[in-house]
1. Tell me, which helices (runs of 4 or more DSSP H) lie completely within the range 1-78 with 2 or more residues that are aromatic (Phe, Trp, Tyr)?
2. Quick check on my filter: what residues within the range 21-36 are touching a Ser or Thr at 6+ places or on another chain (Cβ under 8 Å) and of a type in the set (A, V, I, L, M, F, W, C)?
3. Of all residues being out of contact with any Phe, Trp or Tyr (no Cβ under 6 Å at 6 or more places or on another chain) and open to solvent by less than 90 Å² (accessible area, probe 1.4 Å) in the range 4-13, which is farthest from Tyr72 (Cα to Cα)? Just the residue, please.
4. Which ones in the range 24-50 are basic (Lys, Arg) and more than 14 Å from Ile71 (Cβ to Cβ)?
5. For the range 19-59, name all the residues that are of a type in the set (Ser, Thr, Tyr) and either touching a residue at least 60 places away in the same chain (Cβ under 8 Å) or surrounded by fewer than 18 Cβ atoms within 10 Å (Cβ to Cβ) (or both).
6. Please pick out the residue among Ala65, Ala16 that is at pLDDT 95 or above and open to solvent by 50 Å² or more (accessible area, probe 1.4 Å).
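The values are calculated or read from the model by the stated rules, or taken from the named source; none is laboratory data. What you see is a predicted model, and the numbers here were worked out from it, not measured in a lab. Ideal geometry is used to build each Cβ from the backbone, glycine not excepted, and the neighbour counts take in all protein chains shown. Accessible surface is based on the protein model in full, side chains and every heavy atom, while ligands, DNA and RNA are left aside. Shrake-Rupley method; radii C 1.70, N 1.55, O 1.52, S 1.80 Å.
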Amino acid sequence: MDILGITGTEIIGYLASLAVLVSFTMKDLKNLRKINGIGCLLFVLYGYLMPTLRVGLPIIITNLAIFGINIYHLTRKKVE
């Protein structure tokens, strides 16, 4: 898939970057973590679509870790 000379892989990378950027504009921490999580999953897909696993693995590992942190904070019970 090519749109205006941009490959599908690049489009996924741009969407991932946009989601992460937008997440930091959120005032509500839950929304920030949800949008950031979407960005992380898009980055995992982007890393998977890299030409080799050697190139994509650091992207995949980092974003899976951040996604896990987001899920932890979204699902943990608050103790007050």
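1. On the way: elements: 8-23, 29-48, 53-75.
In the range 1-78, 29-48, 53-75 are the helices (runs of 4 or more DSSP H) which contain 2 or more residues that are aromatic (Phe, Trp, Tyr).
2. Leu32, Ile35
3. Within the range 4-13, the subset out of contact with any Phe, Trp or Tyr (no Cβ under 6 Å at 6 or more places or on another chain) is 4-11.
Keeping just the survivors that are open to solvent by less than 90 Å² (accessible area, probe 1.4 Å) gives 5-11.
Details: Gly5: 39, Ile6: 35, Thr7: 33, Gly8: 31, Thr9: 28, Glu10: 29, Ile11: 28 Å.
It comes out as Gly5.
4. Narrowing the range 24-50 to residues basic (Lys, Arg): 27, 30, 33-34.
Within the range 24-50, Lys27 is the sole residue that qualifies.
5. The initial filter retains those residues of the range 19-59 that are of a type in the set (Ser, Thr, Tyr), namely 23, 25, 46, 48, 52.
Selection gives Thr25, Tyr48, Thr52.
6. Numbers: Ala16 fails: open to solvent by 50 Å² or more (accessible area, probe 1.4 Å).
Exactly one residue qualifies, and that residue is Ala65.
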